[in-house]
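Notes follow once the structure below has been shown.
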Amino acid sequence: MTVNELINKIFFVDIIKGLALTLSRLFTKPVTRRYPKEKRPAALGFRGLHALVRNPATGKAKCVGCGLCAAICPSRCISIYTSEGPEHEKVVDRYEIEVLRCVFCGLCVEACPYGAVVLTPHYEYSDYSRDPFYMTKDKLLKNWDNYMGDDGLDYFDRYWNPRSEYFKGHKGQAVFKKD
Ligand code: SF4
Ligand code: SF4
């Protein structure tokens, strides 16, 4: 043990320093939040609970059942069941996500050519059984209504199709500009 360490031990220097720090913070504004009363808004692009986008014109899901999201999903947690409609169109009979297997990578959102699946800002969905985490098409559309709605289109515009004015480049940094 060095002389300095010995002096620190005898005179409780570290304890006094710690107490001084505590005292100096006693009357300052707290930085902690009283969750769940106080909540921090989720950042744009937050990867929360899944939703299927509802087409505002038709009121139905935008998904066309191409299966790209299921193909790219690394957790294999998306299942899509389709059939042929009366006009020989593809009908999405079932679209299901096992949320407990999802790793929230966002690849399904990125792969979808129609902007038909999203990860919403909603993150408070703990439960006591597995069933609520098995998302059916109806549940996923309800998630869109509850957690995205009108803001959802802004989400696609700003987060997945950003324009140059949304970028704040550093001085001298090249910034992609879309005309
Ligand atoms: S976020 Fe990733 S893991 Fe989750 S469903 Fe989409 S692709 Fe699959
Ligand atoms: S959500 Fe998108 S990628 Fe997935 S099946 Fe529907 S249209 Fe295709």
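Please work out the ratio of the alpha-carbon Rg of the chain to 2.2 N^0.38 Å and round it to two decimals.
Relative to the 2.2 N^0.38 Å estimate, the chain comes out at 1.58.
So what does the Cα-only Debye profile of the stretch 1-61 read at q = 0.12, 0.17, 0.24, 0.28 Å⁻¹, as log10 I(q)/I(0), no solvent term?
-0.66, -0.84, -1.04, -1.11
So, taking all protein chains as they sit and a 1.4 Å probe, how much accessible area belongs to ASP145, in Å² rounded to tens?
Its heavy atoms expose roughly 80 Å² to the probe.
Of the heavy-atom accessible surface of the stretch 1-64 (probe 1.4 angstrom), what whole percent is carbon and sulfur?
63 percent
Step through the table entries LYS37/LYS137; LYS39/LYS171; LYS90/LYS139; LYS9/LYS29; LYS39/LYS142, compare each Cα-Cα distance with 28 Å, and write down the pairs that go over it.
LYS37/LYS137; LYS39/LYS171; LYS9/LYS29
Tilt of helix 137-147 relative to the longest C-alpha principal axis of the chain, in degrees (0 to 90, nearest 10)?
Roughly 50 degrees between the two axes.
Which translational diffusion coefficient, to the nearest whole µm²/s, is obtained for the stretch 41-115 from the Stokes-Einstein equation, given a Kirkwood hydrodynamic radius over C-alpha pairs, 10 °C and 1.306 mPa s?
118 µm²/s
Rounded to the nearest 10 Å², what accessible area does LEU141 have for a 1.4 Å probe in the complete protein model?
Its accessible surface works out to 20 Å², give or take rounding.
Report, in degrees rounded to the nearest 10, the 0 to 90 angle that the Cα long axis of helix 13-25 makes with the longest principal axis of the chain.
Tilt relative to the chain: about 50 degrees.
Roughly how many Å² is the accessible area per residue of the chain, as a whole number, for a 1.4 Å probe?
Each residue of the chain exposes 74 Å² on average to a 1.4 Å probe.
Out of the total accessible area of the stretch 75-147 (probe 1.4 Å, heavy atoms of protein only), what percent is carbon and sulfur?
Answer for the stretch 75-147: carbon and sulfur cover 49 percent of the accessible area.
Before anything else, pin down the relative contact order of the chain: Cα pairs under 8 Å, at least 6 apart, normalised by residue count, whole percent.
Across the chain, relative contact order equals 23 percent.
With r as the distance between the Cβ atoms of ALA42 and ALA20 and R0 = 25 Å, compute the FRET efficiency 1/(1 + (r/R0)^6) and round to 0.05.
0.10
The values are calculated or read from the model by the stated rules, or taken from the named source; none is laboratory data. Here the structure is a predicted model, which means the values were calculated and not measured. Cβ sites come from the backbone with ideal geometry, for glycine too, and all protein chains shown count toward neighbours. We work out accessible area using only protein heavy atoms, side chains counted, and drop any ligands, DNA or RNA first. Shrake-Rupley method; radii C 1.70, N 1.55, O 1.52, S 1.80 Å.
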